[in-house]
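The values are calculated or read from the model by the stated rules, or taken from the named source; none is laboratory data. Remember, it's a predicted structure, so these values are computed and weren't measured experimentally. Glycine also receives a Cβ, built like all others from the backbone with ideal geometry; neighbour counts cover every protein chain displayed. When the accessible area is computed, the model is the full protein with side chains, heavy atoms only, and any ligands, DNA or RNA have been set aside. Shrake-Rupley method; radii C 1.70, N 1.55, O 1.52, S 1.80 Å.
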Amino acid sequence: YMRGGLVENLAPVVLLGTIGPVILPIFQLGYMLNYRGRRRLTDKHIEELNVSLGTLRDMKDPDERDKVKLKVTRQVAAWKRFFEPEVMDQPRRFAIAIQATCISIFFMPVMPWVPLVGVVALTFQYWMDKYMLLRKFRRPAMLTNSSLVMFSVRFLKLVAPTSLALSTYLFLTPSFKDKGGNIAMLNISIITALVFSFVLPLSVWARCLLGCFGEVEKERDTDYYQAQYMWSKEMKYHKDQFLYKMLPEKQNPEHLQPGASAAVRKSDIAENYGVAVAAAAQSGAARKGDDGDRHVMRGGKVLDLEGLGQVGSRTSEVATGTPIHDASSDPKPSSYGVSGGVPVAAEPAPTSYGVAAAHSSSSSRPPPPAAPQPAAVAAAPPRPRISWEFEVSSGHWKPFASDCQSYLEQKFQDYQNKGGRERLNVNTSGIKLSVDYKRMTQMKLDTHKVSSIRRRPDAN
């Protein structure tokens, strides 16, 4: 093995396969390649963008204003990409760790020192990834769960024992004179490896491995009281929801403690209800654009900013303690209307009231007058359902998603009857559209593709 050059040829392969990929992220090649782009951004470019944004106020044509606004937005996004750090490629980092482990196991029979190199590579990768994730890389948009970790462990559980048996036979067979004995040992090793890989569950593996180090502990769920310190305020519902976030820290603490009640009283919410709704309205009004009458909050809640006058009136009633009228407490009529266009006769009113009918003769209270017969009311014809559709190709139409059908119809009625706007923006299924009721067209704001729309009774 030494004189034939096998060990000398495999040593660079092992080092490059285990340690080489670990140190690549420290160079941040993508960020380095964007250096020329960062150099091209000057004060002159920034001033031009500000001037373009300033001209939006003086533009009368909404189409031209949208085009300029979209152009500037795209330019700003393009410049920002040159300055953004990279995002850690988690699947690739796990693949590098699996690669180092597999190399260490496969070449161990011919080079017994390879597992030490693998341990050094994995330890170095752990600290490297931790440093780069916290100091250099951009914060990921979403936190990853344990799926990649469990996949890596299960993959090694299935591959590692069989690979060790095959590599031992492949590299060491030329050194043995009795080839038949090697075949028998290979069969035994393969059977043993298959039992460990496919028969024994992963929990047995974990208990045996951790038992060797004296670290066996009972399985338990993730402790929220420890995990909460890893999350920012925006990721905690009780600190981000617009009603709860207005409460002071004493009533709504950010970090919860075991055994201490953090329940919020109804009176605390009522005291801050008006302030919370007003803050949400101001936040939506500050960020509103062409479609300023709707504001989508976290969690999908939609605020109708046009109807905030009603919300505000209810808010003032709650804040001041003024009772709110509840229609459910109104007296119910003693007779009801029409069935099939024919009035139903009212039941005769009882002639006696009290605890028991036997005492009605001694009561001096006169019987109440009979309820008047309601007039016959003609049943109104059912209003047809309206479906809004857009043209996919010539003569082929497709309905809009259900999340915007009622909104499109409501705004169309406002446009026809109340002098509402003829153009508005709609966000449906993650796609931002500009709808023009006058021209009956829609335009995708990201691609500027324009297509026709129509309004027709729903066939279903």
Worksheet entry | Whole-angstrom Cα spans of region 29-157 along principal axes, big to small | 77, 30, 21
Worksheet, complete the sentence: In whole Hz, the Karplus estimates of ³J(HN,Hα) for region 422-432 (6.51, -1.76, 1.60; θ = phi - 60°; x where Gly or Pro) are 8, 10, 7, 9, 10, 10, 10, 6, x, 10, 9
Worksheet item: Roughly how much of R38 is accessible, in Å² to the nearest 10, using a 1.4 Å probe?
Response: 40 Å²
Fill in: Cα-Cα over 24 Å, subset of K60/K444; K44/K136; K69/K449; K67/K418
K44/K136; K67/K418
Discussion item. Heavy atoms of the protein only, probe of 1.4 Å, neighbouring chains included. What is the accessible area of F196 in Å², nearest 10?
Written reply: 90 Å²
Response to the item:
Length gained, M150-C208, 0.36 nm per residue minus C-alpha separation, equals 19.1 nm
Fill in: Largest to smallest accessible area among V277, V264 [probe 1.4 Å]
V264, V277
Worksheet item: Once you sort the root eigenvalues of the Cα gyration tensor of region 90-218 as a ≥ b ≥ c, which label holds: rounded (a/c under 1.5), prolate (a/b larger than b/c) or oblate (the other case)?
Response: prolate
Response to the item:
Karplus-derived 3J(HN,Hα) from phi for region 195-201 (6.51 cos²θ - 1.76 cosθ + 1.60, θ = phi - 60°), whole Hz, x at Gly and Pro, runs 5, 5, 7, 10, 9, 6, x
Item to complete: Determine how large the accessible area of T428 is when every protein chain is in place; take a 1.4 Å probe and give Å² rounded to the nearest 10.
Response: 10 Å²
Worksheet item: If r is the Cβ-Cβ distance from K67 to K177 and R0 is 60 Å, what FRET efficiency results, to the nearest 0.05?
Response: 0.15
Worksheet entry | Cβ-Cβ FRET estimate between K130 and F198, R0 fixed at 56 Å, reported to 0.05 | 0.95
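Of K236/K398; K398/K438; K80/K130, which sit over 28 Å apart, Cα to Cα?
K236/K398
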Worksheet, complete the sentence: Whole-percent carbon and sulfur contribution to the accessible surface of region 1-144 (1.4 Å, no ligands, DNA or RNA) stands at 64 percent
